[in-house]
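Read through the structure below, which is laid out as structure tokens, and then see the notes.
The values are calculated or read from the model by the stated rules, or taken from the named source; none is laboratory data. Keep in mind that what you see is a predicted model, and the values were worked out from it rather than measured. Here the Cβ is made from the backbone with ideal geometry for all residues, glycine too, and neighbour counts use every protein chain on show. We work out accessible area using only protein heavy atoms, side chains counted, and drop any ligands, DNA or RNA first. Shrake-Rupley method; radii C 1.70, N 1.55, O 1.52, S 1.80 Å.
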Amino acid sequence: MSEPSRIKNVLFLCTGNSARSIIAESIMNRDGTGRFKAFSAGSMPKGEVHPQALTLLRSMHYPTDHLRSKSWEAFATPDAPALDFVFTVCDNAAAEVCPVWPGQPMTAHWGVPDPALVGGPRAEVGVAFADTYRMLNNRIMLFLNLPFSSVDRLSLQRRLEEIGKRRETPERA
């Protein structure tokens, strides 16, 4: 990695860019402030952020005014920010052919279940979103604590992949 003090750009991808990638973007931007700048996008964006994702993030005092559902194509243009890391957070996006990202970023798959697919009572949907937040938060905290300045690129890639392979079970009330 170049320049240890440079803020590194991270892109979180999923298909709809309405829940998981939005939550991951929010976590990284708050907890990685000064070290990382996060973005999110989707291969087939829904065009709006899931209301429950916004409710969850607001309840945890995350800023939400800037959040929007957008296409990953916005990050594959010559004027897009050079990306250092790209993480897919859903299995569909991981299986798709991605654009060529400026900056030759390191990539890994950090798939988590889609809370937007959970139906039923509001409480069940809320628990699904809270589980997604917890899983993404755990992975992002592991990422933020990696020894970036003392590990080579190959070792770092292996650690990024290991984070994505963590098996976490949803907590159910």
### Query
How many nm is it between the label spots at Leu144 and Arg35, if each spot is 7 Å from the Cα in line with the beta carbon?
0.8 nm
### Message
Name the residue from Ser26, Asn145, Pro81 whose Cα lies farthest towards the positive end of the charge dipole of the chain, charges +1 on Cβ of Lys and Arg and -1 on Cβ of Asp and Glu.
### Response
Asn145
### Task
Any lysines with Cα under 25 Å of the Lys165 Cα? List them, leaving off those in the same chain fewer than 8 positions away.
Lys8, Lys37
### Query
Toward the positive end of the charge dipole of the range 52-167, about the Cα centre and with charges on Cβ (Lys, Arg +1; Asp, Glu -1), which of Tyr62, Gly164, Ala123 goes farthest?
Ala123
### Summary
Candidates Pro102, Pro113, Pro147; GNM for the chain (alpha-carbon contacts under 10 Å) flags as most fluctuating Pro147
### Query
What angle, in degrees between 0 and 90 and rounded to the nearest 10, separates the Cα long axis of helix 20-31 from the longest principal axis of the Cα atoms of the chain?
60 degrees
### Query
What size of dipole, in debye to the nearest 20, comes out for the chain about its Cα centre when the only charges are +1 on Lys and Arg C-beta atoms and -1 on Asp and Glu C-beta atoms?
320 debye
### Query
With all protein chains present, how much of the accessible area of the chain (probe radius 1.4 Å) comes from carbon and sulfur, to the nearest whole percent?
53 percent
#### Entry: Normalised contact order of the chain, rounded percent, pairs of Cα under 8 Å and 6 or more residues apart
23 percent
### Query
What is the gain in length, in nm to one decimal, between Asp79 and Arg153 on full extension, counting 0.36 nm per residue of separation less the C-alpha to C-alpha distance?
24.1 nm
### Residues of the chain: accessible area per residue with a 1.4 Å probe, Å²
51 Å²
### Task
Give the angle, between 0 and 90 degrees and rounded to the nearest 10, that separates the Cα long axis of helix 122-144 from the longest principal axis of the Cα atoms of the chain.
10 degrees
### Message
When 1/r is averaged over all different Cα pairs and the result inverted, which Kirkwood radius in Å belongs to the chain?
### Response
16.2 Å
### Message
Going by average Cβ density within 10 Å per residue, which order do the peptides 123-133, 17-27, 35-45 take, highest to lowest?
### Response
17-27, 35-45, 123-133
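Given a cut-off of 18 Å, what percent of all Cα-Cα pairs of the range 107-162 lie beyond it?
Result for the distance tail: 46 percent.
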